[in-house]
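Step one of this worksheet: look at the structure below.
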Amino acid sequence: LLGSNPQNVLLAARLIIYVGERAETRPTVAEATRRSLGILATKLGSGELSPADIARIRSSLDWLIRKTLSGRTDGPIYVDAVLVAAAWKDPESLRAAAQLFASPGTPEARRIQALSALIAASGGSLADPIGAVLVDLKSSTDFRGAVLGALGKLDDPAIGELVLSHFPKMESDLKPKA
């Protein structure tokens, strides 16, 4: 539904609202909402949506996102709401996404989603958490490789220098990704 047709974009937003209103009390509906917001966050992060489509979606979903962000941080759709709002450059959500990315306790797939949202939003300095991830041997090489791949979207000399400074310490299978 999230194609270039403005009516489809609004229909997708209405569908997310419909299921999102019921997410707190119904696990199956929460999963559908989480997946829908996850797809939206991915599309926002990839640049697939036009600025006009983003504005339409944001105006429709903003209240649901705000309501979710003001609720429980362990709520069923909280992380996905953070990722969507971070892609909209919401300052609170950018901080929350940075914490998600930096936290070793967050599943690696979610950490990559958080990094993608931060990159899409140009969400402040990423040097500290990226540096910590690159030297964290407890994180999988697949995860650290995905981080390096995501960094290719940045045009930030400081990040390039950071990656180069960690290059000698990287495992041999990570070096080609740097």
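Using mean Cβ contacts within 10 Å as the protection proxy, how do 56-68, 90-102 order, highest first?
90-102, 56-68
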Enter the angle in degrees (range 0 to 90, nearest 10) between the Cα long axis of helix 6-20 and the first principal axis of the Cα atoms of the chain, meaning the one along which they spread out most. 90 degrees
Kirkwood Rh over alpha-carbon pairs of the chain plugged into Stokes-Einstein at 10 °C, 1.306 mPa s gives a D in µm²/s of 94 µm²/s
Added length on full extension, which subtracts the Cα-Cα distance from 0.36 nm per residue, Lys89 to Asn8: 26.8 nm
With a point put 7 Å past each Cα toward its Cβ, work out how far Arg22 is from Thr106 in nm, to one decimal. 3.0 nm
Around Ala41 (Cβ within 11 Å, Cβ-to-Cβ, excluding Ala41; K/R +1, D/E -1) the net charge comes to +3
Compute the distribution of all C-alpha to C-alpha distances in segment 78-149, in bins of 5 Å from 0, and list the percent of pairs in each, rounded to whole numbers. 3, 19, 33, 24, 14, 5, 0
0 to 90° range, to nearest 10: angle between helix 51-69 axis and the chain longest Cα axis: 90 degrees
To the nearest whole percent, what portion of all C-alpha pairs in segment 109-178 is separated by more than 21 angstrom? 15 percent
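For the chain, give the magnitude of the charge dipole about the Cα centre (Cβ charges: +1 Lys/Arg, -1 Asp/Glu; no others), in debye to the nearest 20. Don't skip to the answer; put the middle values down first.
Details: 21 positive and 19 negative charges, 83 e Å.
With only Lys, Arg, Asp and Glu charged at Cβ, the dipole is about 400 debye.
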For segment 29-178: relative contact order, % (alpha-carbon pairs under 8 angstrom, 6 or more apart): 20 percent
Convex hull over the alpha-carbon atoms of segment 37-108: what's its volume per residue in Å³? 87 Å³
Just grab the label-to-label distance for Phe167 and Asp128, each label 7 Å out from Cα along the Cβ direction, in nm (one decimal). 2.6 nm
Expressed as an acute angle from 0 to 90° and rounded to the nearest 10, what is the orientation of the C-alpha long axis of helix 157-166 relative to the principal long axis of the chain? 50 degrees
Among Pro176, Pro157, Ser122, the residue whose Cα sits farthest towards the positive end of the charge dipole of the chain (+1 at Cβ of Lys and Arg, -1 at Cβ of Asp and Glu, taken about the Cα centre) is Ser122
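Computed from the coordinates by the stated procedures, all read-outs in this text should not be read as laboratory data. What you are looking at is a predicted structure, and each value in this text was computed from that prediction instead of being measured. Because the Cβ atoms are built from the backbone with ideal geometry, glycine has one as well, and the counts that use them run over all protein chains shown.
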